[in-house]
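Colleague: Shown below is the structure under consideration.
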Amino acid sequence: MRAKFERLGLTSPESFVLHLPIRYEDETQIQDIVTLRPGMLAQVEGEVVRSDIVLKPRRQLTATLKDDSAEIALRWLTFYPSQLSQMQTGKRWRVRGEVRGGLYGFEMIHPRISTPGAPLSAALTPVYPTTEGLSQPSLRKAITQALSATNLQDTLPAHLLKQLELMSFEQAIRTLHGPTPDMDAQALMEHAHPAWIRIKFDELLAQQLSLAAARTARQSKRARAFPLRPSTNSLCSKLKEALPFALTGAQLRVCHEIATDLERTYPMYRLLQGDVGSGKTIVAALAALQAIEQGAQVALMAPTEILAEQHYVKLKFWCEPLGVKVTWLAGSVTAKARREALQDIGSGHAKLIVGTQALIQEGVDFHSLGLIIVDEQHRFGVTQRLTLSLKGEDDIALVPHQLTMSATPIPRTLAMTFYADLEVSSIDELPPGRTPVITKLIASDRRNELIEHVAKAVAKGQQTYWVCPLVEESEALDLQTAVDTHRDLSEALVGINVGLVHGRLPTAEKAQVMQAFRSGEINVLVATTVIEVGVDVPNASLMVIEHAERFGLAQLHQLRGRVGRGALQSVCVLLYQTPLSMIARQRLRAMYETQDGFEIAQRDLDLRGPGELLGARQSGVSLLRFADLATDSALVRMAREVATDLRKNSPEIVQLHLNRWMRGREDYLRS
Ligand code: ADP
Ligand code: MG
């Protein structure tokens with residue numbers, strides 16, 4: 001029993017108290033069989049009028065139960081001999097289960113059987129999350145015991161509860177474990193009851209408090225400070241000087257925020273978010289130079305080799321004229337090049353090291369790594385892992401600063417919760433001279449018209465991306481689709497150079513194709529989603545996304561960001577196949593209605609929920625058991641304010657509250 005409880009995380013009386021029902025069952029009444037409808041969870045009483053072992057399609061037990069109003073079938077796909085005698089004709093039972101529409105009328109599969117005529121529950125029956133071999137009654141009993149053995153005193157003072165209009169903790173807990181008949185059943189089921197509100201608030205408050213504690217812990221670590229040299233012959237000034245453009249106001253602002261962080265003696269942990277094309281790379285380069293100027297090394301990582309290589313080319317172009325050695329390290333380099341790179345990195349000769357994430361994962365030995373920059377980290381979880389992987393170096397006194405860049409902004413609610421210990425800088429302004437992209441939704445039966453249009457655009461010197469449909473289940477099919485599309489377009493577009501790039505292409509070849517597209521040699525580039533992030537070809541002004549309904553919102557937004565990078569009017573065509581699912585329709589509408597990455601991110605959160613947005617497991621959100629970030633944003637704000645205030649004025653309450661909510665959940669406290 002103990003082991004089973006432990007599997008549920010139930011180790012202390014407090015944990016039993018906080019083991020709250022996942023749902024409630026209504027056992028307060030007996031329904032007439034004639035009133036049952038498929039999908040209902042129902043409880044009926046009656047007499048067995050027939051029962052039988054059926055052998056086809058497979059051996060199963062069936063019975064028919066009859067009350068004064070009608071009959072219903074019961075069915076067991078596996079059964080014990082004892083159940084046979086239970087279901088003998090003439091016996092009476094109370095039966096509970098979900099009603100389904102069967103072949104011969106309604107039925108219940110594996111219903112729960114109990115004694116007829118027993119007193120009915122007066123109130124909803126809680127149903128707890130459980131594990132194999134642990135019955136609801138045993139759990140209920142253990143919880144009832146814990147309720148009488150545990151101090152349910154409030155962690156929050158009465159005046160605060162009053163001010164926030166919150167129910168007391170004890171009342172909330174008792175309500176949720178043992179609802180009484182007078183309570184609003186609907187509200188209980190839907191987590192909208194004041195008792196749930198209190199619990200959700202408590203949980204969010206605990207999360208805010210622990211994140212704030214994690215932030216404090218981080219600030220107690222040591223990092224090398226990189227004072228910014230304001231002089232005109234500093235590396236940063238020289239780079240700015242050499243640029244063919246002036247930084248936007250937003251870029252200057254975030255540069256300043258980052259520079260200030262880098263001057264501190266504790267590690268920066270900052271997210272730089274800005275829509276695609278907002279100019280994050282130059283900001284990263286300036287941050288890197290600030291560290292390099294003081295003799296440190298900087299690692300810049302991107303999720304794919306294509307992207308990493310683009311960075312490498314650009315950074316080399318910017319930095320090497322300033323005498324800064326930029327080194328390339330990726331999975332595909334030759335053994336010799338790799339050996340040389342590793343040697344340069346180890347000796348400190350290499351200053352700016354660019355590559356994929358393999359860079360830190362392979363345990364490359366840096367001479368003096370002062371700053372890590374991670375680009376386009378969609379699955380934000382990795383940032384966390386990164387912090388963890390550096391944890392072992394705590395006794396080496398210095399931790400590198402960390403800058404993460406993303407074109408998919410974090411919706412505010414998430415920024416306030418999971419990322420509460422992450423500093424955020426936003427580039428909320430695009431460089432001048434960009435024209436907004438026109439988005440068109442076109443049904444796929446007009447594909448041929450579109451191909452003609454592409455031919456005309458190419459004749460005018462414009463370049464086109466043609467993105468292939470995503471085949472989620474199969475990489476092989478994905479590839480096949482790309483190859484087929486490439487063949488079809490090559491045939492249809494006579495005299496036009498159609499290129500193909502996909503994930504399976506060897507890196508060198510990928511780079512070659514991208515280079516040919518950049519130089520204008522290729523007019524139309526057929527691509528899988530490998531071009532999703534970061535690729536920069538200003539002359540590409542038309543993008544076609546086939547089967548746009550298969551893509552996620554963030555992904556569509558990223559893809560669209562590949563065009564509209566030059567002065568030309570750009571168009572993004574979302575080709576879709578009817579009929580559209582509800583959610584696909586909403587996604588396409590969102591794409592049509594807005595180009596604001598923040599707005600898109602918020603709508604994505606609304607449509608998908610935070611778990612999926614973050615990549616479920618890694619996300620701290622999954623640690624929230626009761627609150628729901630998509631619907632409880634008002635509570636999040638409230639918890640955040642209260643957390644700030646408590647940390648400042650009432651440390652003893654903070655301790656009490658964390659003790660109640662965080663005991664045994666140290667995983668919460670990432671440092
Ligand atoms: P992203 O934020 O998507 O990574 P990039 O850093 O790739 O964007 O920048 C997109 C393009 O805009 C690049 O060609 C870059 O050189 C250019 N760029 C960046 N900042 C400015 C600016 N202030 N004015 C004009 N062009 C800029
Ligand atoms: Mg970029």
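The values are calculated or read from the model by the stated rules, or taken from the named source; none is laboratory data. Computed from a predicted model, the values in this text were never measured in an experiment. Glycine gets a Cβ as well: all are built from the backbone with ideal geometry, and neighbour counts include every protein chain shown.
Here is a yes/no grid of residues against (1) within 15 Å of ligand 2 (Cβ to nearest atom); (2) in contact (Cβ under 8 Å) with a residue 24 or more places away in the chain:
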{"residue": "Leu247", "(1), (2)": "no, yes"}
{"residue": "Glu257", "(1), (2)": "no, yes"}
{"residue": "Thr260", "(1), (2)": "no, no"}
{"residue": "Arg264", "(1), (2)": "no, yes"}
{"residue": "Tyr269", "(1), (2)": "no, yes"}
{"residue": "Leu272", "(1), (2)": "yes, yes"}
{"residue": "Thr281", "(1), (2)": "yes, yes"}
{"residue": "Ala284", "(1), (2)": "yes, yes"}
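Colleague: Would you please list the contacts, defined by Cβ atoms under 6 Å and residues six or more apart or on different chains, that run from a residue in the range 95-111 that is at pLDDT 90 or above to a residue that is small (Gly, Ala, Ser)?
Modeller: As it stands, the answer is Val99/Ala42; Glu107/Ala73; Met108/Gly97; Pro111/Gly97, since those pairs meet every condition given.
Colleague: Here is a further query. Being within 11 Å of ligand 2 (Cβ to nearest atom) and in a strand (DSSP E or B) is the filter here, so list the residues in the range 301-319 that pass it.
Modeller: Ala302
Colleague: Is it the case that Gln602 is within 16 Å of ligand 2 (Cβ to nearest atom) and not in a loop (DSSP other than H, G, I, E, B)?
Modeller: Judged against the criteria, Gln602 is not a match.
Colleague: Any residue in the range 535-543 that is within 16 Å of ligand 2 (Cβ to nearest atom), among the β-branched types (Val, Ile, Thr) and modelled with pLDDT under 90?
Modeller: yes
Colleague: How many residues, within the range 590-605, are at pLDDT 80 or above and polar (S, T, N, Q)?
Modeller: 2
Colleague: Quick one: count up the residues across the range 274-325 that are surrounded by 20 or more Cβ atoms within 10 Å (Cβ to Cβ), within 16 Å of ligand 1 (Cβ to nearest atom) and over 31 Å from the mean Cα position of the chain (by Cα).
Modeller: 3
Colleague: Still on this structure, please answer the following. Could you list, in sequence order, the residues of the range 457-509 that are in contact with a helix residue (DSSP H, G or I) (Cβ under 9 Å, 6 or more places away or on another chain), in a helix (DSSP H, G or I) and closer than 20 Å to Glu549 by Cα?
Modeller: Asp478
Colleague: For the range 49-75, name all the residues that are surrounded by fewer than 17 Cβ atoms within 10 Å (Cβ to Cβ) and outside any strand (DSSP E or B).
Modeller: Scanning the range 49-75 gives Leu55, Lys56, Pro57, Arg58, Arg59, Asp68, Ser69, Ala70.
Colleague: So which residues in the range 234-250 are within 12 Å of ligand 1 (Cβ to nearest atom) and assigned to a loop (DSSP other than H, G, I, E, B)?
Modeller: Result: Leu243, Pro244, Phe245, Ala246, Leu247, Thr248.
Colleague: Now for a separate question. Does Arg215 satisfy the condition of being charged (D, E, K, R) and not in a helix (DSSP H, G or I)?
Modeller: Here the answer is no, as Arg215 does not meet what is asked.
Residues are listed down the side, and each one gets a yes or a no for (1) farther than 19 Å from Pro469 by Cα; (2) touching a Pro at 6+ places or on another chain (Cβ under 7 Å); (3) surrounded by fewer than 24 Cβ atoms within 10 Å (Cβ to Cβ):
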position	(1), (2), (3)
His486	no, no, yes
Gly503	no, no, yes
Ala516	yes, no, yes
Ser519	yes, no, yes
His547	no, yes, yes
Ala554	no, no, yes
Ser570	yes, no, yes
Asp596	yes, no, yes
